[in-house]
Amino acid sequence: MSWLVRICPLASRHFALSNLLIFIGTFLIYIRIEPPTFWYWFSSNASMLVGFYFIYTGLLHLFKLSWSTRRARIILTLALIILFFSSHNTNNAWLVGIVFSIVASSLFAYAAWANFRGIRQEFDAVAAGSVSCPFALVSLFFLIRIAFIIQEQSAANAYVSIKHPDSLLQLWFLVVLTVVINLSLVGNAFARLVSKIRSLADRDSLTGLWTRRIIDQQLLNQARICERHHSVFSILLIDLDYFKKINDKYGHQIGDQALVHASNCFKDALRDVDWLARYGGEEFLALLPDTGQPEAVTIAERLRQQLSAQPFTEAAELQLTASIGIASFQAGDHIDQLIASADQALYQAKARGRNQVSYLAGNDKVFAID
């Protein structure tokens, strides 16, 4: 599914490989005989466990999660070593069953957590928990299986051959397990697809910054927070100086590269908590949460200096600069008036010669920083 819609080819390969290995493991279990053939017995368990491992790593790739698989690899390697030396006779059937179940439970627990974290990036905790539930339930099943084997060691021989009278339930479980896993993976593929569509809709295609729609939503959210907690936030309305002349003289391709260069400079100068959007053609808006006017002035000046100090190498004689207008929001204000105030300050910065930072004081007088 992921491969068909080009969501994440690497995750698709991991999921395809996991299905293949689980199928091979199930087939080898089906043709087991008593007394057990070592390679059938060991290979079936090893194939299944490695297949479970690739489900976990596939989820990490699907949701682009930064998470180390070192611990899972160590657990899997130790288990395969134990299974290799324990799969020679039926007397060790209980040990093989316990080791297999411990590792399988651990891998599905890892998969459930990875799945939850991945879905939680775009959806609420309830949705993330619902989609991750099948992996958690499979992990719980293998824990219960451990308790059953410990309590009834004599029944462990049922895991040697699928033809054992007590093994029919195991076969059906493997079939149901494969179906549930694949249904969950289809759900994950759709979730990732929705996330990708949202990202394309929420990000400017040229600069990768937030779109005007998203920043307008964030402005409303910040206004509600300010009303509730009597806090303050500020915005910076940023306009590249003489941008029309850049397009006219160098062409729109250089103009686009200038926009990308400016957006990268602004992102480097802002804090992690700040929001930056492309608000118009050559106009940007930065949202600074929990930031009053004095600190906003400092940040705006840092942005202005960052842009003028970074050479734009696509046109050696071209020096990019920006004019910035600042306005601060307090409880009782209105978003439209906030943007109008920032726009008024920006107009004054341009009128004073550009490449300046201006802010609107409480008495509606505009001040510029020389």
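Provide, in order from the shortest bin, the percent of all Cα-Cα pairs of region 195-292 in each 5 Å bin, continuing until the bin that contains the maximum pair distance.
3, 12, 21, 21, 18, 12, 7, 3, 2, 0
What is the spin-label model distance, in nm, from Ile150 to Lys350 if the labels are put 7 Å beyond Cα along the C-beta direction?
Placing both labels 7 Å along Cα→Cβ, they lie 7.4 nm apart.
No lab work stands behind these numbers, since they all come straight from the coordinates. The structure displayed is predicted, hence computed values, not measured ones. So basically every Cβ, Gly included, is an ideal-geometry build from the backbone, and we count neighbours across all protein chains shown.
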